[in-house]
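First the structure, in the form of structure tokens, and then the observations on it.
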Amino acid sequence: MIPQAAVQAPLPWQEPCWESISRARDVGRLPHALLVTGPAGVGKRLLVALIANSLLCSRPGERSLACGQCRECELLAAGAHPDYVAVGPDPESKSGEIKVDDIRRLAESDALTAHRGGYKVIVLDPAQNMNANAANSLLKTLEEPSADTLLCLVCEQPGRLPATIRSRCQQLRVPVPSEPLALEWLHRHSDTADAVILLRLAHGAPLSALALAEEGRLPQRERAFTGFFEVYAGIRDPIAEAAAWNEHEPTILLDWLAGWVSDLLRLASGHPAPLLVNEDRVQDLRAMTESLDPRAGHRFFQRILQARASQYSPINRLLLYESLLVQWARIAR
Ligand SMILES: [Zn+2]
């Protein structure tokens, strides 16, 4: 991961976001509430950190970027700035919800007044984890905004926020960069030879691609793919393979599996040169399409998508992998 403190400028694909915020600030029209959206791995939190730092810094420099040296910047870097408040789920909480008490604390007038005479920045992350009571409580705060306070909601799934909250925030969408721009950035931060595959696996999100490289995910995916291929070929027992898959979290494994099956279906549809996620396994995938019944493939794909929307404990995760692989072996026959 890129440490937040090391980032002193927006990421290349965030420039338009930065420009729009800087311009709004220059003309005194910064919103009271900003909803920062975009998929995982595009740097939403880095951007929010830059915005917060810029607003709290006592002598921002070129392009309104924080100086990194004044007392305010030092306090913020040390995690001790009284006018920067981060609200998130209690790390101990099982539900991962942001609760009403967290929001109420913000709403107390003292919490909304800047201590050091400048801006106050409140970051709510991940905003979609607010429960209904918390969201209602936040709404009251949004209806009575304090001057010189910026509330930043960081959210991957804005559709999960109540419309009443969304409509009271200005949305700032951090985009997925073009592939050439993302690759250029990735090559600057990693010496991986698999940048294209990593980026496709990360759905184009550069920070996720970098994390995949640093976590050594490619060899793991390679092993899981080999199992997927061999179960289909009838030379590997699905139950044994499920036990091997069980080392992976469903969020990771189901994402790989969805990518393999969707590539298979794309190849089977016969469109010329489809853009594949798993370019490196195209030969194996092509070989599999020869005996694949596309309708069964589509049903299997739906099943994966359903599984992705569910939560799994370690016990039913193994059951899930077993049932998916048994179904996959049956499709092959
Ligand atoms: Zn500063």
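The values are calculated or read from the model by the stated rules, or taken from the named source; none is laboratory data. What you see is a predicted model; the values in this text were computed from it and never measured. FYI the Cβ positions are ideal-geometry reconstructions off the backbone, even for glycines, and counts take in every protein chain you see. Accessible surface is based on the protein model in full, side chains and every heavy atom, while ligands, DNA and RNA are left aside. Shrake-Rupley method; radii C 1.70, N 1.55, O 1.52, S 1.80 Å.
Other residues within the sphere of radius under 11 Å centred on the Cβ of Ala9, judged by their own Cβ, net out at -1 (K and R +1, D and E -1). Between the range 45-122 and the range 190-229, how many Å separate their Cα centres? That distance is 33 Å.
Cα extents for the range 227-271 along the principal axes, largest to smallest and rounded to whole angstrom: 35, 26, 8.
Estimated at 0.36 nm per residue, the fully extended path between Gln306 and Cys70 surpasses their Cα-Cα distance by 79.9 nm.
Determine the relative contact order of the range 1-125: mean sequence separation of Cα pairs under 8 Å and six or more apart, normalised by residue count, in whole percent. It would help to have the intermediate numbers written out before the result.
Numbers: 114 pairs, mean separation 25.9, N = 125.
With pairs under 8 Å counted, the relative contact order is 21 percent.
Along the Cα-to-Cβ line of Ser291, 7 Å from the Cα, sits a label point; which residues in the range 209-250 have backbone N less than 17 Å from it? From the range 209-250, the list is 226-239.
Close amide H pairs (under 5 Å, H built 1.01 Å from N) link Gln171 with Leu35, residues at least 5 positions away or on another chain.
Please calculate how many Å² of accessible area the range 106-218 carries per residue, with a 1.4 Å probe and no DNA, RNA or ligand atoms counted. Mind showing how you got there, number by number?
Details: 5360 Å² over 113 residues.
Per-residue accessible area for the range 106-218 comes out at 47 Å².
Dipole orientation for the range 1-89: of the candidates Leu55, Thr37, Pro16, Thr37 has the Cα lying most toward the positive pole (charges on Cβ; Lys, Arg +1; Asp, Glu -1). For Cys152, the residues whose amide H sits under 5 Å from its own are Leu34, Ile122, Val123, Leu124, ignoring neighbours fewer than 5 places away on the same chain, with H placed 1.01 Å from N.
Using only alpha carbon pairs under 8 Å that are at least six residues apart, calculate the relative contact order of the range 89-137 and give it in whole percent.
Numbers: 37 pairs, mean separation 24.8, N = 49.
For the range 89-137, the relative contact order is 51 percent.
Net length available on complete extension from Gln171 to Arg299 is 42.4 nm, with 0.36 nm assigned per residue and the Cα-Cα distance removed. Dipole size of the range 51-147 about its Cα centre, with +1 on Lys/Arg Cβ and -1 on Asp/Glu Cβ: approximately 220 debye, rounded to the nearest 20. Applied to the range 13-21, the Karplus parametrisation 6.51 cos²θ - 1.76 cosθ + 1.60 on θ = phi - 60° returns per-residue 3J(HN,Hα) values of 7, 9, 3, x, 4, 4, 4, 5, 5 Hz, with x for Gly and Pro. Between amide H atoms placed 1.01 Å from N, distances below 5 Å from Met130 occur with Ile98, all of them 5 or more places distant or on a separate chain.
Over all distinct Cα pairs, what is the inverse of the mean 1/r for the chain, reported as the Kirkwood hydrodynamic radius in Å?
Hydrodynamic radius (Kirkwood, Cα only) of the chain equals 22.4 Å.
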